[in-house]
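Colleague: Could you have a look at this structure, given as structure tokens, before my questions?
The values are calculated or read from the model by the stated rules, or taken from the named source; none is laboratory data. Everything numeric here is computed off the predicted structure, so don't read it as measured data. Every residue, glycine among them, receives a Cβ derived from its backbone with ideal geometry; neighbour counts consider all protein chains shown.
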Amino acid sequence: MRLYAAAVYLFLYGPIALIVLFSFNAGRHAASFECCATSWYSLTFNNTFLIEALLNSLLIAGTTAVLATIMGTMASLALQRVKGVLRLVFDALTYIAIIIPGIVIGIATLVALVTVFDILNPLIAKLWPSDGNAMALGLGYGSVIAAHTLFTMALVIIIVRARIQGMDRSLIEASADLYATPWATFRQVTFPQIFPAVMSGFLLSFTFSFDDFIIAFFVAGPKTTLPIYVFASIRRGITPETNVIATTVLAVSLTLLITAQFLLRSRAPKAGGKG
Amino acid sequence: MVEMINGAVDVEFQGVTKRFGDIRAVDNIDLEVSSGAFVSLLGPSGCGKTTSLRLIAGFEQPSAGDVRIGGASVVGVPPYKRPINMVFQNYSLFPHFTVADNIGFGLRQLKPRLSKSEITARVGEMLELVRLQGFEERRTWELSGGQQQRVALARALINRPTVLLLDEPLAALDRKLRQDMQIELQTLQRDVGITFVLVTHDQEEALSMSDTIYLMNEGRIIQMGGARDLYDEPINRYVADFVGKTNFFDGEVAEIKPNGAAIRLANGRVLYGRNPRGGVPLNRNAGGAIAVRPELIHIVKANGSACLTTDVQTTARVKNRIFLGEQTEYLVMAEGFGDILVLASKHAETVSGGFSPGDVVSIGWEDSSALALENTSKGDHSTAVPVPK
């Protein structure tokens with residue numbers, strides 16, 4: 001039994017460990033390892049195309065995370081008051097947004113956006129005639145952010161709602177009883193209570209968006225995100241540079257995920273303990 | 001803020017009904033809480049006492065009738081606009097605030113804003129009042145139950161509300177602490193002069209603390225009065241049963257007397273009881289019951305040197321004995337009466353030497369100690385009757 005477990009773990013994490021190891025390769029080829037140097041790191045981070053892709057990814061992930069967190073939190077607060085069949089429908093839609101494969105979201109978003117753009121762009125051109133197509137809508141940051149926000153928002157809804165459900169409702173009543181208006185109650189009681197969930201929702205959204213290749217590949221248009229860059233560069237052959245990128249992304253993602261988990265677990269002890 | 005005008009009414013219910021779906025949690029209730037009073041809403045769970053409290057606080061709005069605070073109707077007024085504060089059953093302290101920030105919460109919501117120094121000063125006063133100096137920076141979940149309770153009290157009282165509502169505030173405390181807090185609450189209420197409305201299912205708590213008790217059942221008020229009224233003059237069987245312990249002897253009304261009735265038991269014996277003050281006189285040939293409190297029954301050794309001279313006398317056999325410290329509770333079996341509960345004081349025990357199970361004893365009581373009550377009452381809670389629509 002233990003041997004099987006060890007084999008499974010080796011199969012799972014062995015390649016990842018190898019990538020990390022190979023990123024410190026001193027040699028020129030990805031397949032042979034010569035210990036040890038960080039030369040590929042400096043080389044990688046001086047690659048302007050790569051840096052541009054990285055910045056694009058950070059911009060998209062950051063915006064996605066902010067939008068998904070704000071809208072997702074608002075949605076979960078509102079959903080609290082929705083009961084019955086309507087609630088069931090909303091719940092189902094939320095889960096579907098997460099379950100749907102990325103490739104479907106990618107294609108669907110692409111088709112939808114292109115269709116909408118085809119209708120809107122002639123209209124815009126008519127309303128604000130200008131030389132060139134400066135005003136035209138096209139694929140780019142906006143479309144990736146929209147597609148990413150769609151499914152990461154569902155993630156935030158589920159995380160924040162779990163926290164709201166675990167919250168002591170009488171705290172809100174206590175606050176109202178102590179003269180706090182509904183907005184003051186949200187600011188001083190509800191938000192501090194759900195903050196860890198909101199934060200971890202933010203971090204998870206960021207990670208999902210940052211790591212996503214499939215959806216971005218469909219809707220990014222001319223923009224290159226980091227995963228798209230990696231995909232493109234692999235086609236030219238795997239170099240130690242690829243390992244460096246993978247290791248960096250791994251480090252960033254793991255840090256964010258662990259932080260999110262930590263935040264989710266740090267629950268303030270409940271009021272009203274018996275002494 | 002509170003003016004102690006004699007006769008001023010702080011809270012008033014006029015025909016208040018609260019429906020949840022088909023259930024009438026509160027059913028056409030009238031009540032009046034006068035300024036500076038300590039009022040209890042007493043009853044079993046589901047009797048509507050908590051709903052009544054929530055109607056005062058503003059967490060619920062009445063389905064019918066009028067809720068008035070300080071003479072003005074507050075129907076439709078949200079909780080945060082009512083001059084009322086509440087001590088919640090589980091205290092509901094804010095876990096992300098310190099003790100001082102919890103207590104100052106209400107003051108921080110006021111417009112125009114109070115200065116920081118004033119808030120700090122008043123929080124300090126409150127901490128002193130509830131004897132929690134030095135706990136300012138503590139987290140609420142670090143405190144014991146009794147301390148949390150005092151923080152909850154301070155958090156409500158600091159706002160000098162017209163009325164303080166207390167929802168089973170002592171339920172989570174152990175017995176000793178509960179008794180201490182009962183005294184503390186009473187003293188506090190006298191000191192601050194704020195009207196207290198307490199909700200409790202614990203009759204002892206209600207009897208010991210409040211000036212006026214509303215005994216509720218199934219959304220209605222069954223009897224209103226002081227502790228002595230409820231204990232000595234229960235208007236029906238439900239009240240007699242709920243407040244304290246009582247022996248009931250069921251039978252038929254044999255004779256109507258000016259201030260009471262005679263009831264014939266199944267064994268043919270006729271017992272006399274007086275009408276409780278405010279009770280409904282019984283009808284002849286209807287069912288009735290004689291109610292006698294266990295502590296009003298004398299118990300002596302049968303054929304011993306001490307003789308009973310009471311109006312009612314019978315012999316009985318001791319079935320069980322429970323030592324309660326200041327008193328001893330006997331369960332005795334008397335032919336034709338059934339099981340009878342008798343409470344013997346420490347003094348009586350010293351004189352008689354006490355009894356053991358199997359002993360034959362004489363028991364008896366004065367007619368004036370017995371009440372004649374309806375056999376059954378609408379307030380009967382022994383069977384769970386669905387609330388009539």
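Colleague: For segment B:141-187, how many residues are in a helix (DSSP H, G or I) and more than 19 Å from the chain's Cα centre (by Cα)? Before the answer, list the steps.
Modeller: Quick first cut of segment B:141-187, residues in a helix (DSSP H, G or I) only: B:141-142, B:145-157, B:175-187.
Narrowing further to those that are more than 19 Å from the chain's Cα centre (by Cα): B:141-142, B:145-157.
Residues in segment B:141-187 being in a helix (DSSP H, G or I) and more than 19 Å from the chain's Cα centre (by Cα): 15 in total.
Colleague: Count, please, the residues in segment B:35-81 that happen to be within 14 Å of chain A (Cβ to nearest Cβ) and assigned to a strand (DSSP E or B).
Modeller: 1
Colleague: Here's something else I'd like to know. Among the strands (runs of 3 or more DSSP E) contained in segment B:244-291, which hold 3 or more residues that are small (Gly, Ala, Ser)? Even if it seems obvious, please write down each step before you answer.
Modeller: On the way: elements: B:247-257, B:260-265, B:270-274.
Answer list for segment B:244-291: B:260-265.
Colleague: Could you go through segment A:168-190 and let me know if any residue there is away from every other protein chain (no Cβ under 14 Å) and hydrophobic (A, V, I, L, M, F, W, C). Walk me through how you get there before you give the answer.
Modeller: Pass one, segment A:168-190, residues away from every other protein chain (no Cβ under 14 Å): none.
The answer is no, given that none of the residues of segment A:168-190 is away from every other protein chain (no Cβ under 14 Å) and hydrophobic (A, V, I, L, M, F, W, C).
Colleague: Moving on to the next point. Anything in segment B:143-183 that is charged (D, E, K, R) and crowded, with 18+ Cβ neighbours inside 10 Å? List them, or say none.
Modeller: The first filter runs over segment B:143-183 and keeps only residues charged (D, E, K, R), leaving B:150, B:155, B:160, B:167-168, B:174-176, B:178, B:180.
Once the filter is applied, which keeps residues that are charged (D, E, K, R) and crowded, with 18+ Cβ neighbours inside 10 Å, segment B:143-183 yields B:ARG150, B:ARG155, B:ASP167, B:GLU168, B:ARG178.
Colleague: Is it the case that B:PRO234 is without any contact (Cβ under 8 Å) to a residue 60 or more places away in the chain and either buried (at least 16 other Cβ atoms within 10 Å of the Cβ) or not in a helix (DSSP H, G or I) (or both)?
Modeller: Considered against the rule, which asks whether it is without any contact (Cβ under 8 Å) to a residue 60 or more places away in the chain and either buried (at least 16 other Cβ atoms within 10 Å of the Cβ) or not in a helix (DSSP H, G or I) (or both), B:PRO234 comes out as no.
Colleague: Would it be correct to say that A:LEU250 is crowded, with 18+ Cβ neighbours inside 10 Å, at negative phi and touching a residue at least 60 places away in the same chain (Cβ under 8 Å)? Explain how you work it out, then say what you get.
Modeller: Values: crowded, with 18+ Cβ neighbours inside 10 Å: no; at negative phi: yes; touching a residue at least 60 places away in the same chain (Cβ under 8 Å): yes.
No, not satisfied.
Colleague: Out of all the residues in segment B:38-55, is one or more in contact with a Pro (Cβ under 8 Å, 6 or more places away or on another chain) and touching a residue at least 40 places away in the same chain (Cβ under 8 Å)? Give the derivation first.
Modeller: Our first condition is that a residue be in contact with a Pro (Cβ under 8 Å, 6 or more places away or on another chain); within segment B:38-55, this holds for B:55.
The next check asks that each one be touching a residue at least 40 places away in the same chain (Cβ under 8 Å); those that pass are B:55.
Checking segment B:38-55: at least one residue is in contact with a Pro (Cβ under 8 Å, 6 or more places away or on another chain) and touching a residue at least 40 places away in the same chain (Cβ under 8 Å).
Colleague: Pull out all pairs, ordered by first then second residue, where Cβ-Cβ is under 6 Å, the residues are six or more apart or on different chains, the first lies in segment B:132-144 and is more than 8 Å from chain A (Cβ to nearest Cβ), and the second is surrounded by 15 or more Cβ atoms within 10 Å (Cβ to Cβ).
Modeller: Here the result reads B:LEU132/B:ARG150; B:GLN133/B:LEU127; B:PHE135/B:VAL99; B:GLU136/B:VAL99; B:GLU136/B:ALA100; B:GLU137/B:THR98; B:ARG138/B:VAL99, each pair linking segment B:132-144 to a residue that is surrounded by 15 or more Cβ atoms within 10 Å (Cβ to Cβ).
Colleague: Just wondering, is there one or more residues in segment B:192-202 that are more than 25 Å from B:VAL26 (Cβ to Cβ), in contact with a helix residue (DSSP H, G or I) (Cβ under 7 Å, 6 or more places away or on another chain) and hydrophobic (A, V, I, L, M, F, W, C)? Lay out the reasoning, then the answer.
Modeller: First, the residues of segment B:192-202 that are more than 25 Å from B:VAL26 (Cβ to Cβ): B:192-193.
Now drop any that are not in contact with a helix residue (DSSP H, G or I) (Cβ under 7 Å, 6 or more places away or on another chain), which leaves B:192.
Checking which are hydrophobic (A, V, I, L, M, F, W, C) leaves us with B:192.
Yes - at least one qualifying residue is present in segment B:192-202.
Colleague: Would it be correct to say that B:SER45 is of a type in the set (Ser, Thr, Tyr), modelled with pLDDT under 95 and surrounded by fewer than 16 Cβ atoms within 10 Å (Cβ to Cβ)?
Modeller: Values: of a type in the set (Ser, Thr, Tyr): yes; modelled with pLDDT under 95: yes; surrounded by fewer than 16 Cβ atoms within 10 Å (Cβ to Cβ): yes.
For B:SER45, the condition - of a type in the set (Ser, Thr, Tyr), modelled with pLDDT under 95 and surrounded by fewer than 16 Cβ atoms within 10 Å (Cβ to Cβ) - is met.
Colleague: Go through segment A:202-243 and give me each residue that's over 23 Å from A:THR255 (Cβ atoms) and not in a helix (DSSP H, G or I).
Modeller: Selection gives A:ALA220, A:GLY221, A:PRO222, A:LYS223, A:THR224, A:ARG235, A:ARG236, A:GLY237, A:ILE238, A:THR239.
Colleague: Given the options A:ARG169, A:ARG163, name the one that is surrounded by fewer than 18 Cβ atoms within 10 Å (Cβ to Cβ) and either touching a Lys or Arg at 6+ places or on another chain (Cβ under 8 Å) or among the charged types (D, E, K, R) (or both).
Modeller: A:ARG169
Colleague: Please go through segment B:312-337 and pick out each residue that is at pLDDT below 90, more than 16 Å from B:GLU295 (Cα to Cα) and under 32 Å from the mean Cα position of the chain (by Cα).
Modeller: Listed by number, the list holds a single entry, B:PHE337.
Colleague: Out of (1) in a helix (DSSP H, G or I); (2) surrounded by 14 or more Cβ atoms within 10 Å (Cβ to Cβ), the odd one out for A:LEU137 is which?
Modeller: With (1) in a helix (DSSP H, G or I); (2) surrounded by 14 or more Cβ atoms within 10 Å (Cβ to Cβ) applied to A:LEU137, the lone miss is (1).
Colleague: Something else: Look at B:LEU127 and say whether it is part of a helix (DSSP H, G or I) and within 12 Å of another protein chain (Cβ to nearest Cβ). Steps first, answer last, please.
Modeller: Details: part of a helix (DSSP H, G or I): yes; within 12 Å of another protein chain (Cβ to nearest Cβ): no.
For B:LEU127, the condition - part of a helix (DSSP H, G or I) and within 12 Å of another protein chain (Cβ to nearest Cβ) - is not met.
Colleague: Tell me, which helices (runs of 4 or more DSSP H) wholly within segment A:1-89 include 2 or more residues that are closer than 30 Å to A:ILE194 by Cβ?
Modeller: On the way: elements: A:2-22, A:39-45, A:48-79.
Passing ranges, in order: A:48-79.
Colleague: Any residue in segment A:126-145 that is small (Gly, Ala, Ser), more than 30 Å from A:SER57 (Cα to Cα) and away from chain B (no Cβ under 14 Å)?
Modeller: At the first step, the residues of segment A:126-145 found to be small (Gly, Ala, Ser) are A:130, A:132, A:134, A:136, A:138, A:140, A:142-143.
Retained after the next criterion (residues that are more than 30 Å from A:SER57 (Cα to Cα)): A:130.
In the following step, the residues that additionally are away from chain B (no Cβ under 14 Å) were identified as A:130.
Within segment A:126-145, one or more residues are small (Gly, Ala, Ser), more than 30 Å from A:SER57 (Cα to Cα) and away from chain B (no Cβ under 14 Å).
Residues checked against (1) more than 16 Å from B:ARG54 (Cα to Cα); (2) of a type in the set (Ser, Thr, Tyr); (3) modelled with pLDDT under 85:
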| site | (1), (2), (3) |
| --- | --- |
| B:ASP167 | no, no, no |
| B:ARG175 | yes, no, yes |
| B:GLN189 | yes, no, no |
| B:VAL192 | yes, no, no |
| B:LEU198 | no, no, no |
| B:SER210 | yes, yes, no |
| B:ILE213 | yes, no, no |
| B:MET216 | no, no, no |
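Colleague: Look through segment B:108-124, keep the residues that are more than 10 Å from chain A (Cβ to nearest Cβ) and within 35 Å of the chain's Cα centre (by Cα), and return whichever of them is nearest to B:ARG155 (Cα to Cα).
Modeller: Residues of segment B:108-124 that are more than 10 Å from chain A (Cβ to nearest Cβ), as a first pass: B:112-124.
Applying the additional criterion that residues be within 35 Å of the chain's Cα centre (by Cα) yields B:122-124.
On the way: B:ARG122: 11, B:VAL123: 9, B:GLY124: 12 Å.
Looking at residues that are more than 10 Å from chain A (Cβ to nearest Cβ) and within 35 Å of the chain's Cα centre (by Cα), I get B:VAL123.
Colleague: Which one is farthest from B:THR50 (Cα to Cα), of the residues in segment B:90-107 that are touching a residue at least 12 places away in the same chain (Cβ under 8 Å), at the interface with chain A (Cβ under 8 Å from one of its Cβ atoms) and assigned to a loop (DSSP other than H, G, I, E, B)?
Modeller: Keep residues of segment B:90-107 that are touching a residue at least 12 places away in the same chain (Cβ under 8 Å), which gives B:90-95, B:97-100, B:102-107.
If we keep only those that are at the interface with chain A (Cβ under 8 Å from one of its Cβ atoms) as well, we get B:90-95, B:105-106.
The next check asks that each one be assigned to a loop (DSSP other than H, G, I, E, B); those that pass are B:90-95.
Details: B:ASN90: 14, B:TYR91: 15, B:SER92: 16, B:LEU93: 19, B:PHE94: 22, B:PRO95: 24 Å.
This residue is B:PRO95.
Colleague: To continue, here is another question. So how many residues does segment B:338-364 have that are modelled with pLDDT of 90 or more and more than 32 Å from the chain's Cα centre (by Cα)?
Modeller: Total meeting the criteria: 8.
Colleague: Here are some conditions: (1) part of a strand (DSSP E or B); (2) β-branched (Val, Ile, Thr); (3) touching a residue at least 24 places away in the same chain (Cβ under 8 Å). B:ILE322 meets all but one. Which one does it not meet?
Modeller: B:ILE322 satisfies all of (1) part of a strand (DSSP E or B); (2) β-branched (Val, Ile, Thr); (3) touching a residue at least 24 places away in the same chain (Cβ under 8 Å) except (3).
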